[in-house]
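These notes concern the structure reproduced below.
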Amino acid sequence: MSETTRTTQTPGAPEAAVAPSPAPSRLAERAAALDDADPLAGLRAAFVLDDTVYLDGNSLGALPAAVPARLADVVAREWGELRIRSWTESGWWTAPERVGDRIAPLVGAGPGRVVVGDSTSVNIFKALVAAVRLADAAEGADGDDGVTESPARDEILVDAATFPTDGYIAASAARLTGRTVRAVAMADLAAEVGPRTAVVLANHVDYRSGELYDLPALTAAAHAAGALIVWDLCHSAGALPVQLDADGADFAVGCGYKYLNGGPGAPAFLYVRGEHQGRFDSPLPGWNSHAEPFAMEAAYTPAEGAARGRVGTPDILSMLALESALEVWDGVDPQQVRAKSLALTDFFLECVSALLPDGAVSCVTPREHARRGSQVALRCEGAREVMAELIRRGVVGDFRQPDVLRFGFTPLYTSFGDALRAATVLAAVIDER
Ligand SMILES: Cc1ncc(COP(=O)(O)O)c(C=O)c1O
């Protein structure tokens, strides 16, 4: 395997294990020993899985076994029998904040800082426009229409390699708030943020390469320049420990359907820093974020706390599926999740090195632990067809343009045996080509 990533080591970061390739027969023993010693191995039974090697939890998490019965009860009893009474008697009305409080510890947020609802895309819009409004308020320059004339901080900085939705929404938020978007490489972000920056929109883990960025350092750099920062945690929430409160993040959003296993189209989450909550001016003020929703007042008075991030009627079936899915986290130590994630991706890379001919694939995911999320992205010729064949043979990852094979490792249910089987099948497919 050739290396296309930068080889610089993040200061203080432990070196990724680059063990000499053991004979392939030893890999099976290693996988078995690692699985035997895995303190999280028992959690696999909490998911509905089969013989497939499922390495696509970074796109759609597997189904937690408790969800079908919970959803059946929600539909048959809470909706079917209690009907509208469930808004209060079954706790539907308060679900967005309650489920937010369940996610909060996974992203290092105190209670009352996270609300669940809408898609990630919609929450990016809320966070970004609200962050620009906070920047305007800090300049003391917002006009009657909410758009500042010739603001000194006239740009929104966006990760140049961002997932597309973030870029599209940033462009629209910029037009609405009289800013321009400037795309910069994440590696240059700390140097590029400056006196003209109102807000930075950054990904914690790159969806394509799996590179992990330094959230505390980049947050500090944004603040040192007088800017606010919005983090997209889609590929880190549930995959590795995040400390939003401690690291000073202003806003953050993330998916419910990837590492949180909430199901297809599960609602997303929105984090608003405690000190910003009282001035959080949502660009989507619906009746659900009103202080007194049932007063049905013509004038809008925002609710206090996380509820201010709500918009309209929550998607209860999806939200309660997510709530049930989050129960698998009870008693799980996020540090153990991170340790297993790194061990899995190390082992997969080791198997790929041992089993594939040199040069057949190149790894775009950084080797250094401090710069690696919970996926491995390999570049290879004919990647689309290679992934289609892997899926036919029971190894499910995904393909991203132009030539990237993505393998997502979900520490709650992926085994070291899965990692070895994936590399073995990949070697066979590539060999046959
Ligand atoms: C990094 C990132 N941001 C945003 C999104 C979009 O999320 P949604 O489709 O839920 O709005 C995704 C979806 O995969 C993503 O990976």
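A count restricted to the range 241-255 and to residues that are surrounded by fewer than 17 Cβ atoms within 10 Å (Cβ to Cβ), closer than 15 Å to Gly100 by Cβ and hydrophobic (A, V, I, L, M, F, W, C) stands at 0.
May I ask you to verify whether Arg279 is away from the ligand (no atom under 16 Å from the Cβ), of a type in the set (D, E, K, R) and assigned to a loop (DSSP other than H, G, I, E, B)? Taking the combined requirement at face value, the residue satisfies it. When Ala325 is tested against the conditions (1) touching a helix residue (DSSP H, G or I) at 6+ places or on another chain (Cβ under 7 Å); (2) closer than 30 Å to Val116 by Cα; (3) open to solvent by 10 Å² or more (accessible area, probe 1.4 Å), the lone failure is (3). Show the residue pairs that are 6+ apart or on different chains and have beta-carbon atoms under 6 Å apart, the first residue being within the range 231-243 and free of Cβ contacts under 8 Å to residues at least 24 places away in the same chain, the second being more than 11 Å from the ligand (Cβ to nearest atom) and hydrophobic (A, V, I, L, M, F, W, C). Going by the 6 Å Cβ cut-off, there are no qualifying pairs. The number of residues in the range 39-64 that are in contact with a helix residue (DSSP H, G or I) (Cβ under 9 Å, 6 or more places away or on another chain) and open to solvent by 50 Å² or more (accessible area, probe 1.4 Å) comes to 4. Just need a number here: residues in the range 114-140 that are open to solvent by 40 Å² or more (accessible area, probe 1.4 Å), away from the ligand (no atom under 16 Å from the Cβ) and either of a type in the set (A, V, I, L, M, F, W, C) or in contact with a helix residue (DSSP H, G or I) (Cβ under 6 Å, 6 or more places away or on another chain) (or both). Residues in the range 114-140 being open to solvent by 40 Å² or more (accessible area, probe 1.4 Å), away from the ligand (no atom under 16 Å from the Cβ) and either of a type in the set (A, V, I, L, M, F, W, C) or in contact with a helix residue (DSSP H, G or I) (Cβ under 6 Å, 6 or more places away or on another chain) (or both): 2 in total.
Of the residues contained in the range 218-226, one or more are found to be assigned by TED's automatic domain parsing to the domain that holds Ile156, open to solvent by 10 Å² or more (accessible area, probe 1.4 Å) and either within 16 Å of the ligand (Cβ to nearest atom) or among the aromatic types (Phe, Trp, Tyr) (or both). Close contacts from the range 278-293, counting a first residue that is in the same structural domain as Asp250 (by TED's automatic domain parsing) and a second that is modelled with pLDDT under 95, with Cβ to Cβ under 9 Å and a gap of 6+ residues or different chains, come to Arg279/Ala137; Asp281/Ala137; Asp281/Gly146; Pro283/Gly146.
The values are calculated or read from the model by the stated rules, or taken from the named source; none is laboratory data. Model, not experiment: these values are computed from the prediction. Methodologically, a virtual Cβ is constructed for each residue, glycine included, from the backbone with ideal geometry; neighbour enumeration extends over all protein chains shown. In case anyone asks, the SASA skips ligands and DNA or RNA and just uses the protein heavy atoms, side chains included. Shrake-Rupley method; radii C 1.70, N 1.55, O 1.52, S 1.80 Å.
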